[in-house]
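Everything below concerns the one structure shown next.
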Amino acid sequence: MLTIANITKTFNPGTPNEVRALRDVSLRLEAGSFLLIIGTNGSGKSTLLNAVAGTFLPDLGTLTLAGQNITRWAEHRRAKLIGRVFQNPFSGTAPNMSIAENLAMAARRGQPRGLGWALNHKLKAELRDRIRSLNMGLENRIDNAIGSLSGGQRQALTLLMASWLKPELLLLDEHTAALDPKSADQVIRLTHDIIQRDKLTTLMVTHSMQQAVHLGDRIVMMHRGQVLHDLQGAERARVRPEDLLKRFDDVRRREQLDSTVAEMLQRNYV
Amino acid sequence: MTLLIGATTIGLILALLAMGVYLSFRIFNFPDITADGSITLGAAVTAILISNHVDPGLATLAGFAGGVLAGMTTGLLHTKFKINGLLSGILVMTALYSVNLHVMGKSNVPLLNETTLATQAENLGMKWLHVAADSDLNVFGWTVGLRDAATLVAMLLLVGFLGMLLYLFFRTNLGTAMRATGDNPQMIRALGVSVDFIIILGLALSNGLIALSGSLLAQYQGFADVQMGIGMVVWGLASVIIGEALVGSSRIGLLITGAVIGSVLFRLLVAIALRWGLNPNDLKLITAGFVFVALVAPAFLRKLKPAATAKPSEA
Ligand SMILES: Nc1ncnc2c1ncn2[C@@H]1O[C@H](COP(=O)(O)OP(=O)(O)OP(=O)(O)O)[C@@H](O)[C@H]1O
Ligand SMILES: [Mg+2]
């Protein structure tokens, strides 16, 4: 279970580049639930995931995961509990190392690393099995450098790596955004299967309304560093992609209104 | 012949420097300049201990340990104090110049009549071959001094052993994490590894190897000098680059072997060039020039190629 309580983050405070990326965000995620996060560009979706992963420490607020207060934990320490797939297919794997080596490192996520062999026959056999389940024909190429694979293949492997040791929390940040439609579909199906099978607690960011509606059991819409809508239960079950798009339009209209009002005020009073 | 054997031996000793440079520059992508100071530190520590009649094996280990500490310092400056990597190395290297002078107490410590690993190797050779000290051996028709032959064989064994050890290390859990840290720090952090810790550890290992190289060099040439480290990073880098060109592969085992061969080859080339009348003062200039060309040439060639094959529509 993940509890995000009153998380606030301001980048470059006190400078002209000040960005209030997260404003008092609170969310509670039950164990096994699958939350989709949508929102306009710059609304703070990635920042929220980064705050949970520990890329930076929040200015205010607390994070609790699996009963532990992780607010002050360094990123690598949180990795014991958290599996992660990034938007950029290049981010999740070490390109000059082999598929087998990459997976072997993931098989020790969050565990001490000593002078034991990284790879052995037993582990290789196991990872060949798991790679075979991707149905990408990669099981015969496990000694090839991962950098030689396509983005879709790399994302599928990164997903396998992130979920190898069942994480307490899986973070997916637009992990299909950089893929062609066919690969994206493939990776989405895989995402669905893995999360279902292992009942993983998941936070997933997406710009695809299709994905938002067809995956997961809850949808959160963010705007300007805050949670604007939180669709759960019956409301979530009823929602269609058009409804979500309409909410985006509402936001946009309000935004325009805001800016014209601001302009008018400026014209008249400043 | 003696000239070639001497050059090969020094090449092997400096192969440890090349391995250290390979570790920092290539595995980590970390331009670690500490090497210039840590190679001298290894030599200084070993020389002063040996001239105080400490067992040479122990004195060599102490030299290695000195390098480990120097590397850790650079790593700490970079990771904990967020100082640019190049600058961290420069700071430690500069500080080491004074440290080395303090360790030695003067700018040069001779080791002429001391027991060193080199004389020990010679003694071993005497015992095994049942010959007297300072005798010449006949190897395949060439006359070779016993001491030269013994040190060459000893270095060959030692460098082979350490190269093997390094290769095996890179296949352990810790070693793969270290390679991944250089390859993609974001990824390895997301898998629970402290990148800071690995960088400190890697620089410690790298500078340990480099100091060991200095320690052996001092024992072989019979002195430690506070100036001996100047330009050594570039020297190591040149060896690594030659090695890469020779093996033409990205496999770790081959690259380590390449670095060793590159170091020996480079040393031999230098010995021959000096024999032909190259001014020793020009050596560092030429080495730097060589590394410059090696760094620029691949990009330059890449730029030439597409231009030659470009389609008219793109022109
Ligand atoms: N490290 C950083 N330093 C400064 N500003 C940042 C940083 N990270 C994010 N921001 C800013 O915070 C705001 C929120 O960014 P974030 O990346 O979370 O948006 P997002 O919702 O993920 O958008 P997108 O849909 O484009 O990915 C943006 O204005 C962004 O410029
Ligand atoms: Mg984002």
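The values are calculated or read from the model by the stated rules, or taken from the named source; none is laboratory data. Note that the structure is predicted; figures quoted are calculated from it, not measured. Positions of Cβ are generated from backbone atoms using ideal geometry, with glycine treated the same way; all protein chains shown enter the neighbour counts. To get the accessible areas, we keep the full protein, side chains included, count just its heavy atoms, and leave off ligands, DNA and RNA. Shrake-Rupley method; radii C 1.70, N 1.55, O 1.52, S 1.80 Å.
Quantify, in whole percent, the carbon and sulfur part of the accessible surface of the stretch B:2-229 (1.4 Å probe; protein heavy atoms only).
That share works out to 68 percent.
On the protein heavy atoms, probe 1.4 angstrom, tell me the percent of accessible surface of the stretch A:86-210 carried by carbon and sulfur.
48
Report the label-to-label distance for A:MET1 and A:ASP24 in nanometres (one decimal), using points 7 Å from each Cα along the Cα→Cβ vector.
2.4
Once both labels are modelled 7 Å past Cα along the beta-carbon direction, what's the A:ASN135-B:LYS82 spacing in nm?
Result: 4.8 nm between the two label points.
Can you give me the distance in nm between label points at B:LYS284 and A:SER148, each placed 7 Å from the Cα along the Cα-to-Cβ direction?
Each label point lies 7 Å from its Cα, and together they span 4.3 nm.
Regarding the stretch A:83-125, what is the average projected area of its C-alpha convex hull, in nm²?
For the stretch A:83-125, the mean projected area of the Cα convex hull comes to 3.7 nm².
Can you classify the stretch B:58-217 as rounded, prolate or oblate using the Cα gyration tensor, where a ≥ b ≥ c are the square roots of its eigenvalues, rounded means a/c under 1.5, and otherwise it's prolate if a/b beats b/c and oblate if not?
It is oblate, given that a/c is not under 1.5 and a/b is not larger than b/c.
Buried accessible area for the B:A pair, summed, 1.4 Å probe, in Å² rounded to 100?
Adding both sides of the contact gives about 2200 Å².
With just the Cα atoms defining each centre, how far is the stretch B:239-285 from the stretch A:149-165? Give it in Å.
40
Output the direction-averaged projected area (hull surface divided by four) of the convex hull of the alpha-carbon atoms of the stretch B:47-119, in nm².
5.4
Can you flag which of A:LYS45/B:LYS80; A:LYS80/A:LYS199; A:LYS166/B:LYS82; A:LYS122/A:LYS166 are past 23 Å Cα-Cα?
Among A:LYS45/B:LYS80; A:LYS80/A:LYS199; A:LYS166/B:LYS82; A:LYS122/A:LYS166, the Cα-Cα distance tops 23 Å for A:LYS45/B:LYS80; A:LYS166/B:LYS82.
Under unit Cβ charges (Lys, Arg +1; Asp, Glu -1), what dipole magnitude, rounded to 20 debye, does the protein assembly as shown have relative to its Cα centre?
Magnitude of the dipole: close to 1300 debye.
Just tell me how shielded A:50-57 is by partners: mean number of partner chain Cβ atoms within 10 Å of each residue's Cβ, no decimals.
1
Per residue, how large is the accessible surface of chain A? Use a 1.4 angstrom probe and give square angstrom.
49
Per residue, how much accessible area does the stretch B:2-229 have with a 1.4 Å probe, in Å²?
Dividing the accessible area of the stretch B:2-229 by its residue count gives 41 Å².
With n ≥ 4 as the cut-off for DSSP H runs, can you work out [θ] at 222 nm for chain B, using -39500 (n - 2.57) per run divided by the number of residues, rounded to the nearest 500?
Helix contribution divided over all residues of chain B: -25000 deg cm²/dmol.
Determine the shape class of chain A: with a ≥ b ≥ c the square roots of the Cα gyration tensor eigenvalues, call it rounded for a/c under 1.5, and otherwise prolate if a/b is greater than b/c, oblate otherwise.
prolate
Using the Cα atoms of the protein assembly as shown to build a convex hull, what is its mean projected area in square nanometres?
Orientation-averaged projected area of the Cα hull: 37.1 nm².
With both partners inside the protein assembly as shown, how many of the DSSP beta bridges are antiparallel, as a percent to the nearest 5?
Once the DSSP bridges in the protein assembly as shown are tallied, antiparallel ones form about 60 percent.
Could you calculate the FRET efficiency of A:HIS214 with A:LYS246 from 1/(1 + (r/R0)^6), where r is the beta carbon distance between them and R0 is 22 Å, rounded to 0.05?
0.80
What does the C-alpha gyration tensor say about the overall shape of the stretch A:120-270? Classify as rounded when a/c is under 1.5, otherwise prolate if a/b is larger than b/c, or oblate.
Prolate, because a/c is 1.5 or more and a/b exceeds b/c.
Can you tell me which aspartates and glutamates have their Cα less than 14 Å from the Cα of A:LYS9? Leave out same-chain residues fewer than eight positions away.
A:GLU18, A:ASP24, A:ASP59
How far, in degrees from 0 to 90, does helix B:146-169 lean away from the longest principal axis of the Cα atoms of chain B, to the nearest 10?
Helix B:146-169 sits roughly 30 degrees off the main axis of chain B.
Using protein chains only (no ligands, no nucleic acids) and a 1.4 Å probe, work out which residues of the stretch A:113-155 have their accessible area cut by at least 50 Å² relative to the chain alone.
Listed in order, they are A:ARG113, A:LEU115, A:TRP117, A:ALA118.
Along the stretch A:110-122, what does the Karplus equation 6.51 cos²θ - 1.76 cosθ + 1.60 (θ = phi - 60°) give for ³J(HN,Hα), rounded to whole Hz, x for Gly and Pro?
Computed from phi, the couplings for the stretch A:110-122 are x, 9, x, 10, x, 9, x, 4, 5, 10, 9, 4, 5 Hz.
Kindly provide log₁₀ I(q)/I(0) values, in the same order as q = 0.07, 0.10, 0.12 Å⁻¹, from the Debye equation applied to equal alpha-carbon scatterers of chain B.
Each listed q corresponds, in turn, to -0.30, -0.59, -0.83.
Two-decimal Rg/Rh of the stretch B:172-254 from alpha-carbon positions, Kirkwood Rh?
Radius of gyration over Kirkwood radius for the stretch B:172-254 works out to 1.07.
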